[in-house]
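These notes concern the structure reproduced below.
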Amino acid sequence: MALLPDEIGRAPTVAWANAMLRERVPDELGMITWRYDEDDLPELRAHFDPGEHFKDLFKIVPPSMQPPFEWLFLGPRGVQTRLHVDVWHTDAWLAQIRGRKRFVLFHPAHRKYLEREGEQGHLEFVDLANPDREKFPDFDKAIPIETVLQPGETIYLPRKWPHFVEGLDDTSSLACSPLATAPFGSRRKASSIE
C-alpha cells in the first residue's frame, strides 16, 4: 500500500485506491469497507475532521469505547447496498471522493411500506429491484427520493431514513454515522446556520 504526499499531507491516491480494488475484489462484485483508524490506514485519522456541521457526541467517551462508525468505502461499478436504515438509528453523512453513487431514500413515514419483521425478529426490507408483493403489498405507496452524488459532494442521511446505494462508477467515499445532538434537544434555528 503506497501513501503519497498531496496538498493536504499524506493521503491515499487514486492509483492506491485502484490497486486496493484489484487486490481485494479481483473478480467479484463487492465493496471494501473498514475502520481506517484501526485497520490499514491509521494515517488518515489526522486528516478526518467533519467539523462543527457534524458534531459527534460519541467523541465524548474514551476512544476505546467509541463505536466504529467512521468508514472508508471502496467499491467497483455496480456494487449495491441493500435498502436499510443505519445502525442505532444514527444520522449519517457520506462524502464522495471518486466516482458517482446513486442514492434512493424514503421518508421514515413510508417505512411501513418497505419493511416488516422477518425471521427471528430481524427487520426485513423490500428488495427494490425485485419487490415481493406478497410480503410488501403496499410497496408502491412508498415515494422514493433519488439523487446521484458526484465527486466532491456530501450527502446527509437523517436517522431512520431507509436508503439504497449503488455505485455508478468505481467509487471511493468517506462516511460517518455520528451521534448528533438533535435527539437530546439541542437544536439551532436554520437562520443561525452559516
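Every read-out reported here was derived from the displayed coordinates using simple, explicitly stated rules and does not represent laboratory data. As the structure is a computational prediction, the values presented were derived from the model and not from experiment. Glycine gets a Cβ as well: all are built from the backbone with ideal geometry, and neighbour counts include every protein chain shown.
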Report summary line: The summed charge of the GLU153 Cβ neighbourhood (under 11 Å; Lys/Arg +1, Asp/Glu -1) stands at +2
Report task. Would you tally the net charge around LEU168, using a Cβ to Cβ cut-off of less than 11 Å, leaving LEU168 out, and scoring K and R as +1, D and E as -1? Result -> +1
Report task. Compute the signed sum of charges (Lys and Arg +1, Asp and Glu -1) over the other residues within less than 13 Å, Cβ to Cβ, of PHE139. Result -> -1
Report summary line: 1/(1 + (r/R0)^6) with r = Cβ-Cβ of VAL61 and ASP169, R0 = 41 Å, i.e. FRET efficiency to nearest 0.05, evaluates to 0.65
